[in-house]
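S.K.: Dumping the structure here so I can ask a few things about it.
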Amino acid sequence: MSLVELKDIYKIYHMGDTEIHALDGISLTIEKGEFVAIVGQSGSGKSTCMNIIGCLDVPTRGQYLLNGKDISQYTDDELAEVRNKMLGFIFQQYNLLPKLTVLDNVALPLLYGGVKESEQKARAMEALKKVGLDSKAHNLPSQLSGGQQQRVSIARALAGDPSVILADEPTGALDSRTGREVMVFLQNLHKEGNTIVLITHDNSIAAQAKRIVRITDGRIVYDGPVEGDRIVATQDRAGE
């Protein structure tokens, strides 16, 4: 049983009499423990794909199975519960609350998930240790560098022990050196057995995953190992 399975997924928006197919019949499976990059240019449909995998949006039609459960028709409350218990998110802009300490930021999803307070702190501190920031637990986000703030967001994603970690342009707000450090953290998480789905427009970032799914105009045009994607990526750039 695949961890993530999209079956003939469409996402259609209406602008007047015009239909916009953000996703145009995508089928995709992701197995437990994979490190997959979903890559494409702006407007390709990669972010829409991430939103559906992350239960932030629902398909117009098609079926989405997460760990064998069909969640295509879940209510908003049911999707919120899935996000909280099964998914961890790493965002480009960190999304840390400025008035909360680093520890409280990491513990926040556990609070929403109904985890008792003593366990919240213990799990949050353990997650901070994994990213080397336990010594900053009582700092505010403003007292950290950009790279450190992104590591806090990685810790927040880990604290809930998610089935899937979704990383949306995780290096987009960082300089190249710090971005490389964040990618090393993601690669190490994968080596520990975590399932990671990376969303990016950057071919060099995507190439650090183990498998690439390239989306163009709402359709998958390549799904396979990094080496085989190089020709497709070159063709994409030539067509821009």
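S.K.: Would you mind finding the one in Ser42, Ser118 that is modelled with pLDDT under 95, open to solvent by 70 Å² or more (accessible area, probe 1.4 Å), of a type outside the set (Lys, Arg) and within 17 Å of Ala167 (Cα to Cα)? Lay out the reasoning, then the answer.
M.R.: Working: Ser118 fails: within 17 Å of Ala167 (Cα to Cα).
Result of the check over Ser42, Ser118: Ser42.
S.K.: For the range 150-179, what are the residues that are part of a loop (DSSP other than H, G, I, E, B) and either within 17 Å of Gly88 (Cα to Cα) or modelled with pLDDT of 90 or more (or both)?
M.R.: From the range 150-179, those part of a loop (DSSP other than H, G, I, E, B) are 160-163, 169-175; that's our starting set.
Within the range 150-179, Gly160, Asp161, Pro162, Ser163, Glu169, Pro170, Thr171 qualify.
S.K.: Output the qualifying pairs, or none if there are none: Cβ atoms under 9 angstrom, residues six or more apart or on different chains, first residue in the range 166-187 and without any contact (Cβ under 8 Å) to a residue 24 or more places away in the chain, second residue hydroxyl-bearing (Ser, Thr, Tyr).
M.R.: Qualifying pairs under 9 Å: Arg180/Thr171.
S.K.: Further, regarding this structure: In the range 1-54, how many residues are free of Cβ contacts under 8 Å to residues at least 40 places away in the same chain and over 25 Å from Ala80 (Cα atoms)?
M.R.: Going through the range 1-54 one residue at a time, the tally reaches 8.
S.K.: Within the range 141-149, does at least one residue satisfy the condition of being open to solvent by 40 Å² or more (accessible area, probe 1.4 Å) and either within 18 Å of Val39 (Cα to Cα) or not in a helix (DSSP H, G or I) (or both)?
M.R.: Yes: one or more hits.
S.K.: Okay, moving on. Which of the numbered conditions does Leu174 fail, given that it passes all the others? Conditions: (1) crowded, with 17+ Cβ neighbours inside 10 Å; (2) in contact with a strand residue (DSSP E or B) (Cβ under 7 Å, 6 or more places away or on another chain).
M.R.: (2)
S.K.: Can you name every residue in the range 71-112 that is free of Cβ contacts under 8 Å to residues at least 24 places away in the same chain and among the aromatic types (Phe, Trp, Tyr)?
M.R.: The one that is free of Cβ contacts under 8 Å to residues at least 24 places away in the same chain and among the aromatic types (Phe, Trp, Tyr): Tyr74.
The values are calculated or read from the model by the stated rules, or taken from the named source; none is laboratory data. What you see is a predicted model; the values in this text were computed from it and never measured. Reconstructed Cβ throughout: ideal geometry from the backbone, glycine too, with neighbour counts over all protein chains shown. Ligands, DNA and RNA are excluded from the accessible area calculation, which covers all protein heavy atoms including side chains. Shrake-Rupley method; radii C 1.70, N 1.55, O 1.52, S 1.80 Å.
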